[in-house]
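Chemist: There's a structure below that I have some questions on.
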Amino acid sequence: MKIDEGPSRARAPVPASILSQGTNLIVSIHTALDDEQLMLLQRDLLDRVGRQRAKGILIDVAALDVLDSFAIRTLADLAYMAQLRGAETVVVGISPEVAMAMVRLAVEMPLMRTALDLEEGLQCLTS
Amino acid sequence: MNGAPRVRNAAGTHHDEDLVNLEPMVRRVVGARVKDPHAVDDLVQETLARVVAARSRIEADSLPQYAAVTARNLVASMATRSIRARERSHLLVDDPEDEDAPVADVLLREERHIVMTALAKLPDADRLLLLAHEVEGQDTATIASGNGSTPGAVAARLFRARANLRVEYLFAAEQLEPPTDRCRPVLRAISSADRRRQQDLDAAGHLLRCTTCARLRALLGARRGEQDEEGVVRVPVARDADVVLARQKAREVAAEVGFSATDMTLVATAISEVTRNIVKFAERGEVVLTLIRHEHRQGIHVVARDVGPGIEDPEEAMRDGFSTCQGFGLGLPGAKRLMDHFELTSNAGEGTTVTMEKWLP
Ligand SMILES: [Zn+2]
């Protein structure tokens, strides 16, 4: 993973859209993301938690082709850091196949809540 | 420009006599190099036509010399064209369609020079064989009877000679010299698709280390598309985005084999784990995906190799919870749990190779 701090390596924006709905940020990822894009998304979301006073982050990962150890850890770190700043994170859209792979990988996911889909995820955040 | 009297084309027909006088000499020059009588006729006519076309620019007394040089060049360019026609893929430069266009002429001249340089670099046996077959038009049976061999053996030698010529052609065309003693043998093994020899030479490892060979290999395969060998997909890995590409390609191959969505995801996830280490720790590497068959079963074979610092203690790296200074584990134990077969070999200072397999249930 190579993250450039400087402007030397400009690249296309992360293929994900972020909507504000009340105090929640609703994130849908459009395609597979590489490590750098995942990190950029993580940082962007943390910034927004501060800027927009968000209380909840809902991330739809259905478009991610895999959730490998790096992706899981990046999401878990996001959830932890967001929590430190007063926002809760829920991940939705994990397909049965991806779930199976995650179990075999046996990566722990502390602090990260998951729900089946957007609707249930929103219920988690408002309850 | 000097003041000597010039022979002009428009001056009249009396110069046709010159041509008539030139013809036997041109025929001798061509005949000494080309065996096929039809080709000899064509080349003689072509030479004379060019002499006529150039006559206005040439001193009368240097016409014979000009004719001889033209004849020799035409023979050489016919050799080029004939080698091309026989195996179009190996010269890697598009045929100039219009041979009369000035650009095509320049291309041909450069092309000829490259081919000649390449031929000169070949071992004598290869060169003589190619010239006998491609230029003089001798068939394999004739060549075989000439040296007490068999047509099959001659054909095999021709195949290798052409493969070697492709390599020398590229060195000449790219104006490169092989940086190591290993380069020529490796590229020749690749050019002749000799997998065993490639393995003996560790061609894959050399290609990762040697940028010259990597570049020439890409040119060798340029006409054969991404899948250079049947059922083999190669993904060069240097950046984060390549990890995504590698696992997408793996999905395509796995889909071809008929894997379920779950198994495709397991394979893609395992590849993601091992490929990330190439980007993180090594300069560059590659992922090679191959369809495999054993009896009635099918599967996917994955090799992820890199040129990098290597892993000092591979056993330790395979233990859960092992993590590097970056704070992340290598993901290797996880990848192993996703696949049916997993093997890690690493030499400190040289690089790491992970070999994995997944079989259809
Ligand atoms: Zn080399």
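Chemist: Does residue B:200 satisfy the criteria of being at pLDDT 90 or above and more than 13 Å from the ligand (Cβ to nearest atom)?
Modeler: yes
Chemist: If you don't mind, there's one more thing I want to ask. From B:284, B:276, grab the single residue that is among the basic types (Lys, Arg), surrounded by 15 or more Cβ atoms within 10 Å (Cβ to Cβ) and within 12 Å of chain A (Cβ to nearest Cβ).
Modeler: Unique residue meeting the criteria: B:276.
Chemist: Still on this structure, I have one more. Take residues that are polar (S, T, N, Q) and in contact with an Asp or Glu (Cβ under 8 Å, 6 or more places away or on another chain) and tell me which of the helices (runs of 4 or more DSSP H) falling wholly in the range A:22-108 contain 1 or more.
Modeler: Answer list for the range A:22-108: A:35-52, A:69-84.
Chemist: Looking at (1) within 16 Å of the ligand (Cβ to nearest atom); (2) in contact with a Leu (Cβ under 8 Å, 6 or more places away or on another chain), which one does residue B:205 not meet, given that it meets all the others?
Modeler: The number of the failed condition is (2).
Chemist: Within the range B:212-234, can one find any residue that is within 14 Å of chain A (Cβ to nearest Cβ), buried (at least 16 other Cβ atoms within 10 Å of the Cβ), farther than 16 Å from residue B:357 by Cβ and away from the ligand (no atom under 16 Å from the Cβ)?
Modeler: Step one: list which residues in the range B:212-234 are within 14 Å of chain A (Cβ to nearest Cβ), which gives none.
No, that holds for no residue.
Chemist: Condition (residue is of a type outside the set (Lys, Arg), away from chain A (no Cβ under 14 Å) and in contact (Cβ under 8 Å) with a residue 40 or more places away in the chain) applied to the range B:257-273: is it met by at least one residue?
Modeler: First, pick out the residues of the range B:257-273 that are of a type outside the set (Lys, Arg): B:257-273.
Within this subset, residues satisfying the condition of being away from chain A (no Cβ under 14 Å) are B:257-258.
From what is left, the residues that are in contact (Cβ under 8 Å) with a residue 40 or more places away in the chain are B:257-258.
Yes, the range B:257-273 contains a residue that is of a type outside the set (Lys, Arg), away from chain A (no Cβ under 14 Å) and in contact (Cβ under 8 Å) with a residue 40 or more places away in the chain.
Chemist: Does the range B:309-318 contain at least one residue that is closer than 20 Å to residue A:101 by Cα, at pLDDT 85 or above and surrounded by 14 or more Cβ atoms within 10 Å (Cβ to Cβ)? So that I can check it myself, show each step before the final result.
Modeler: Quick first cut of the range B:309-318, residues closer than 20 Å to residue A:101 by Cα only: B:318.
Narrowing the set further to residues that are at pLDDT 85 or above leaves none.
Within the range B:309-318, not a single residue is closer than 20 Å to residue A:101 by Cα, at pLDDT 85 or above and surrounded by 14 or more Cβ atoms within 10 Å (Cβ to Cβ).
Chemist: When you scan the range B:248-259, do you find a residue that is at pLDDT 85 or above, at negative phi, within 16 Å of the ligand (Cβ to nearest atom) and not in a helix (DSSP H, G or I), even just one?
Modeler: No.
Chemist: Looking at (1) outside any helix (DSSP H, G or I); (2) away from the ligand (no atom under 16 Å from the Cβ); (3) surrounded by fewer than 16 Cβ atoms within 10 Å (Cβ to Cβ), which is the only condition residue B:175 fails?
Modeler: The number of the failed condition is (2).
Chemist: Tell me whether the range B:208-219 contains one or more residues that are within 18 Å of residue B:289 (Cβ to Cβ) and either touching a Leu at 6+ places or on another chain (Cβ under 8 Å) or in contact (Cβ under 8 Å) with a residue 40 or more places away in the chain (or both).
Modeler: Yes: one or more hits.
Chemist: Within the range A:88-106, take every residue that is more than 16 Å from residue B:268 (Cα to Cα) and crowded, with 19+ Cβ neighbours inside 10 Å and give me the one that is farthest from the other protein chains (Cβ to nearest Cβ).
Modeler: For the range A:88-106, the residue satisfying everything is A:90.
Chemist: Starting from the range B:159-182, keep only residues that are in the same structural domain as residue B:210 (by TED's automatic domain parsing), then list their pairs with residues that are within 15 Å of the ligand (Cβ to nearest atom) and assigned to a loop (DSSP other than H, G, I, E, B) whose Cβ atoms are within a distance under 8 Å, requiring at least 6 positions of separation or different chains.
Modeler: Cβ pairs passing all conditions: B:170/B:176; B:171/B:177; B:171/B:178; B:179/B:210; B:180/B:210; B:182/B:201; B:182/B:210.
Chemist: Name the residues in the range B:118-160 that are of a type in the set (A, V, I, L, M, F, W, C) and outside any helix (DSSP H, G or I), would you? Lay out the reasoning, then the answer.
Modeler: Our first condition is that a residue be of a type in the set (A, V, I, L, M, F, W, C); within the range B:118-160, this holds for B:118-120, B:122, B:125, B:128-132, B:135, B:141, B:143-144, B:153-156, B:158-159.
Of everything in the range B:118-160, just one residue is of a type in the set (A, V, I, L, M, F, W, C) and outside any helix (DSSP H, G or I), namely B:122.
Chemist: Any idea which of A:47, A:117, A:34 is touching a helix residue (DSSP H, G or I) at 6+ places or on another chain (Cβ under 8 Å) and either within 20 Å of residue A:20 (Cβ to Cβ) or within 14 Å of another protein chain (Cβ to nearest Cβ) (or both)?
Modeler: None of the other options fit; the residue is A:34.
The values are calculated or read from the model by the stated rules, or taken from the named source; none is laboratory data. Every value quoted in this text rests on a predicted model; they were computed, and no experiment measured them. Backbone-built Cβ (ideal geometry, glycine too); neighbour counts: all protein chains shown.
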